[in-house]
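First comes the structure, then the notes that go with it.
The values are calculated or read from the model by the stated rules, or taken from the named source; none is laboratory data. All values derive from a computational prediction rather than experimental measurement. When we count neighbours, we look across all protein chains shown, and the Cβ atoms used for this are built from the backbone with ideal geometry, even at glycine.
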Amino acid sequence: MRWLVCAVIVLLPVALSAQHVSIGPQVAFGDYREVSSDLHYRGAGAGVKATLTWKKFSADVDLSKVKYKPQTSAATADFDASEVDVRLRYYVTGPVSAELGFINRKMKPEFEAQSVGAVTLGARMAYVLGPGVRMSLNGGLLFGSKFSGGGTTSALGALQLGLGITVDALHGRVLVTGDYGFQRFSRKTDDGSGALPAPIQQSLGRVGFAIAF
Amino acid sequence: MRRSTWLLALPLLCAAPALAAQTVQNATLRRAQQAFDNLDYRQALTTAHASLRERLTGFERARAYELLGFTYSGMDSILKAVDAFKQVVLIEPERDLDPNRTSPKALSAFQVALTQILVIRQLRVDSVNFIGGQGVVGIRYTVTQPSRVVTRISGGTLGSMRIDSTVANGQVNIRWPARMPNGDPVPAGNYNVVVDATVGQNTFSASQPIRITHGAVDTLPHLTSLPGYTYLPETEVPPKSWRPMGLALVYSGIALAGTSALSHGDLGSASMREGGVIGGGIVLAGFIMTLKKPAPQPARGNILYNSLLREQIARRNTEIAQENTRRRQQVALSVVPLPRAGGGR
């Protein structure tokens, strides 16, 4: 293990020297709904966003922790949603890139809301608005969804949509970032009496900055 | 006095001051000229013959014979006049009479004299500069009788080298490339262009000294641009456009509309707060980018044009480099005729 850490410390700067890397904090704010409109939460938190670009490949890693508070009387307890969103991207043509990744969202306390994990597959379109200003639109499906409380989704029942912007500042050394992500799981549960809809939906906005090197 | 005598005397009267300015030192010859000027032909003949028996310079001897020629012409003794003019031409082959100032009788006697003797006259070598092997030296002369004429160059380390051999009469023009038999340029130095004319037992030679010098051939400068062609800017600022704003609206609209459309019906109306904040930021950025001066974009046509221009200049410079390499191996020949010491014989 010690050798592995040493190798990473030595090789990482060399590996990064030929790539574009950015990392920085973000402020996250979200809207979470589950099962029915009665379970409605809103909250804010913090996150970290890291990006890596190498040739036609790029990767985004988003970590966020949002403290959701009930917005309706039916929802009684706060909970924290910690989410990991990893996406690997390959440039295809024009503005289009293909995306593959996974999300994992854990709730704490565990049974106040559904923890979820899924593989994401989609596409992204990027466009340069002007010097140093880029925006992107992405969308895709969430496959293999697993929920802490059980339940399933159909093949097209879980999907996501996103919008992003980065603005270069200080000659590209600092990036101002803004991301919006929408997820919907058309989850269904079956307690023996037949399938019951128990959808999950989250809108998450993140605004922050990143250091590029 | 007869009219012809006056015509005959006129040129000498006019030429008298000029003759006096020459170096006629012999007193007898001066008396002969004086007698001729006074139209006393018998005295002129006697005194001129007497002067020829004295010690004279070549110039004085030629003047004495010329005086005899004019006097005999004036006395209508054409044969004797021709003989006298022959001697003049033999002594000074380049001698010519001014047709405007000489009597027809004397002129015709002089022309007859020229045809009866073999001389090479008016040998001229052009002063030229050229690159060895790419130019010629012009050589001209006049031969007075049909004869075998050999032109050669002698001197320096060359020895003697034949340039031309021909049977000619009258004016001859030769174009000499100034090359050795092996093709090399003639080495630098002082030479004589010698023209030998032969007819029967008669021979005549005339020569013209020349100086040949060698120099380096000028090389061509390399090009940094082609005349009439200038590089074009490789970037150009596109005109302002509402495209950034439009695309920002489209992207944001798709995201917000998609959120609304994909929202599950059981969960109530979808929250637009998060998408609205980010979408609003994007629309604001698009609006700013629309107002902002667009960034310069690569002008592909100009880049291609500049590339072709650079290629063309590089190709031309390669040709110039090759040409300069060739020129550095060449020799610039300079041929200059030198003052002649004397006539032919």
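For the stretch B:272-288, indicate whether the set of residues that are among the charged types (D, E, K, R) and in a helix (DSSP H, G or I) is non-empty. Step through it out loud before you land on a result.
Step one: list which residues in the stretch B:272-288 are among the charged types (D, E, K, R), which gives B:273-274.
In the following step, the residues that additionally are in a helix (DSSP H, G or I) were identified as B:273-274.
Checking the stretch B:272-288: at least one residue is among the charged types (D, E, K, R) and in a helix (DSSP H, G or I).
Which residue is modelled with the lowest pLDDT, if the candidates are limited to the stretch B:125-143 and must be assigned to a strand (DSSP E or B) and over 17 Å from B:Ser207 (Cβ atoms)? Explain how you work it out, then say what you get.
Here is the first cut: in the stretch B:125-143, the residues assigned to a strand (DSSP E or B) are B:125, B:128-131, B:137-143.
Imposing the further condition that a residue be over 17 Å from B:Ser207 (Cβ atoms) reduces the set to B:128-131.
Values: B:Val128: 93, B:Asn129: 91, B:Phe130: 90, B:Ile131: 87.
Only one residue tops the list, namely B:Ile131.
Please tell me if B:Val112 is surrounded by fewer than 17 Cβ atoms within 10 Å (Cβ to Cβ), part of a helix (DSSP H, G or I) and modelled with pLDDT of 90 or more.
yes
Here is a check on your reading of the model: is B:Arg300 closer than 30 Å to B:Asn317 by Cα and of a type in the set (Lys, Arg)? Can you show your working first?
On the way: closer than 30 Å to B:Asn317 by Cα: yes; of a type in the set (Lys, Arg): yes.
So B:Arg300 passes the test.
Any residue in the stretch A:173-184 that is touching a helix residue (DSSP H, G or I) at 6+ places or on another chain (Cβ under 7 Å), among the aliphatic types (A, V, I, L, M) and within 11 Å of another protein chain (Cβ to nearest Cβ)? Walk me through how you get there before you give the answer.
So the first thing to find is which residues in the stretch A:173-184 are touching a helix residue (DSSP H, G or I) at 6+ places or on another chain (Cβ under 7 Å), and the list is A:178-180, A:182, A:184.
Applying the additional criterion that residues be among the aliphatic types (A, V, I, L, M) yields none.
No, the stretch A:173-184 contains no residue that is touching a helix residue (DSSP H, G or I) at 6+ places or on another chain (Cβ under 7 Å), among the aliphatic types (A, V, I, L, M) and within 11 Å of another protein chain (Cβ to nearest Cβ).
Quickly run through the stretch A:142-179 and pick out the residues that are closer than 19 Å to A:Ala198 by Cβ and without any contact (Cβ under 8 Å) to a residue 24 or more places away in the chain.
Narrowing the stretch A:142-179 to residues closer than 19 Å to A:Ala198 by Cβ: A:142-160.
Of everything in the stretch A:142-179, those that are closer than 19 Å to A:Ala198 by Cβ and without any contact (Cβ under 8 Å) to a residue 24 or more places away in the chain turn out to be A:Ala155, A:Leu156.
From the set of residues in the stretch A:103-122 that are in a strand (DSSP E or B) and more than 14 Å from the chain's Cα centre (by Cα), which is nearest to the other protein chains (Cβ to nearest Cβ)? If you could, list the steps in order and put the result at the bottom.
Applying the first criterion (in a strand (DSSP E or B)) to the stretch A:103-122 yields A:103-108, A:116-122.
From what is left, the residues that are more than 14 Å from the chain's Cα centre (by Cα) are A:107-108.
Working: A:Met107: 17, A:Lys108: 21 Å.
Filtering the stretch A:103-122 for residues that are in a strand (DSSP E or B) and more than 14 Å from the chain's Cα centre (by Cα), the one nearest to the other protein chains (Cβ to nearest Cβ) comes out as A:Met107.
Within the stretch B:90-109, restricting attention to residues that are touching a Phe, Trp or Tyr at 6+ places or on another chain (Cβ under 8 Å) and in a helix (DSSP H, G or I), which residue is surrounded by the most Cβ atoms within 10 Å (Cβ to Cβ)?
B:Ala109
State whether one or more residues within the stretch B:152-168 are at pLDDT below 90, of a type in the set (Asp, Glu) and at negative phi.
No: the stretch B:152-168 contains no residue that is at pLDDT below 90, of a type in the set (Asp, Glu) and at negative phi.
Among the residues of the stretch B:232-258, write down those that are within 20 Å of A:Phe29 (Cβ to Cβ) and either aliphatic (A, V, I, L, M) or more than 7 Å from chain A (Cβ to nearest Cβ) (or both). Outline the logic, then answer.
Taking the stretch B:232-258 first, the residues within 20 Å of A:Phe29 (Cβ to Cβ) are B:252, B:255-256, B:258.
Within the stretch B:232-258, B:Ala255, B:Leu256 qualify.
For the stretch A:32-63, how many residues are closer than 15 Å to A:Tyr91 by Cα and of a type in the set (Ser, Thr, Tyr)?
First, pick out the residues of the stretch A:32-63 that are closer than 15 Å to A:Tyr91 by Cα: A:51-60.
Pick out the ones that are also of a type in the set (Ser, Thr, Tyr) and you get A:51, A:53, A:58.
Residues meeting the conditions: 3.
Determine whether B:Ile254 is surrounded by 14 or more Cβ atoms within 10 Å (Cβ to Cβ), within 30 Å of B:Ser154 (Cα to Cα) and modelled with pLDDT of 90 or more. Give the derivation first.
Values: surrounded by 14 or more Cβ atoms within 10 Å (Cβ to Cβ): yes; within 30 Å of B:Ser154 (Cα to Cα): no; modelled with pLDDT of 90 or more: yes.
Criteria not met by B:Ile254.
Name the residues in the stretch B:122-168 that are surrounded by 15 or more Cβ atoms within 10 Å (Cβ to Cβ), over 25 Å from the mean Cα position of the chain (by Cα) and among the polar types (S, T, N, Q), would you?
B:Thr144, B:Gln145, B:Ser147
Each row is one residue, and each column tells you yes or no for (1) surrounded by 15 or more Cβ atoms within 10 Å (Cβ to Cβ); (2) part of a loop (DSSP other than H, G, I, E, B); (3) in contact with a strand residue (DSSP E or B) (Cβ under 8 Å, 6 or more places away or on another chain); (4) within 14 Å of chain B (Cβ to nearest Cβ).
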{"residue": "A:Thr51", "(1), (2), (3), (4)": "yes, no, yes, no"}
{"residue": "A:Asp62", "(1), (2), (3), (4)": "yes, no, yes, yes"}
{"residue": "A:Lys67", "(1), (2), (3), (4)": "yes, no, yes, no"}
{"residue": "A:Ala75", "(1), (2), (3), (4)": "yes, yes, yes, yes"}
{"residue": "A:Glu99", "(1), (2), (3), (4)": "yes, no, yes, no"}
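Say we look at the stretch B:297-322 and pick out the residues that are surrounded by 14 or more Cβ atoms within 10 Å (Cβ to Cβ) and not polar (S, T, N, Q); which of these is farthest from B:Leu223 (Cα to Cα)? Can you show your working first?
Pass one, the stretch B:297-322, residues surrounded by 14 or more Cβ atoms within 10 Å (Cβ to Cβ): B:299, B:302-303, B:305-306, B:309, B:313, B:316-317, B:320.
Imposing the further condition that a residue be not polar (S, T, N, Q) reduces the set to B:299, B:303, B:305, B:309, B:313, B:316, B:320.
Details: B:Ala299: 25, B:Ile303: 20, B:Tyr305: 17, B:Leu309: 12, B:Ile313: 7, B:Arg316: 8, B:Ile320: 9 Å.
Among those residues, the one meeting the criterion is B:Ala299.
Identify all residues within the stretch B:259-293 that are surrounded by fewer than 20 Cβ atoms within 10 Å (Cβ to Cβ) and facing chain A (nearest Cβ under 7 Å); write none if there are none.
Scanning the stretch B:259-293 gives B:Leu262, B:Asp266, B:Gly268, B:Arg273, B:Val277, B:Lys292.
Please go through the stretch B:149-185 and give me each residue that is small (Gly, Ala, Ser) and assigned to a strand (DSSP E or B), ordered by number. Show your work before the answer.
Residues of the stretch B:149-185 small (Gly, Ala, Ser): B:154-156, B:159-160, B:165, B:168, B:170, B:178, B:183.
Result: B:Ser154, B:Gly155, B:Gly159, B:Ser160, B:Ser165, B:Ala168, B:Gly170.
Enumerate the strands (runs of 3 or more DSSP E) found wholly within the stretch A:150-213, keeping only those where 2 or more residues are surrounded by 22 or more Cβ atoms within 10 Å (Cβ to Cβ), touching a Gly at 6+ places or on another chain (Cβ under 7 Å) and not hydrophobic (A, V, I, L, M, F, W, C).
Working: elements: A:158-169, A:174-185, A:188-190, A:195-197, A:200-212.
Hits in the stretch A:150-213: A:158-169, A:174-185, A:200-212.
Matching residues to (1) of a type in the set (Val, Ile, Thr); (2) over 25 Å from A:Ile165 (Cα atoms); (3) modelled with pLDDT under 95:
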position	(1), (2), (3)
A:Ala46	no, no, no
A:Arg87	no, no, no
A:Pro95	no, no, yes
A:Met107	no, yes, yes
A:Glu110	no, yes, yes
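Only one residue in A:Leu52, A:Leu4, A:Leu63 is of a type outside the set (Asp, Glu) and either modelled with pLDDT under 90 or touching a Pro at 6+ places or on another chain (Cβ under 9 Å) (or both). Which one?
On the way: A:Leu52 fails: either modelled with pLDDT under 90 or touching a Pro at 6+ places or on another chain (Cβ under 9 Å) (or both); A:Leu63 fails: either modelled with pLDDT under 90 or touching a Pro at 6+ places or on another chain (Cβ under 9 Å) (or both).
Testing whether each residue is of a type outside the set (Asp, Glu) and either modelled with pLDDT under 90 or touching a Pro at 6+ places or on another chain (Cβ under 9 Å) (or both) leaves just A:Leu4.
Restricting attention to helices (runs of 4 or more DSSP H) lying wholly within the stretch B:26-89, give those where 2 or more residues are among the polar types (S, T, N, Q) and in contact with a Cys (Cβ under 8 Å, 6 or more places away or on another chain).
Working: elements: B:27-37, B:41-52, B:58-74.
Once the helices (runs of 4 or more DSSP H) in the stretch B:26-89 are filtered for at least 2 residues that are among the polar types (S, T, N, Q) and in contact with a Cys (Cβ under 8 Å, 6 or more places away or on another chain), nothing remains.
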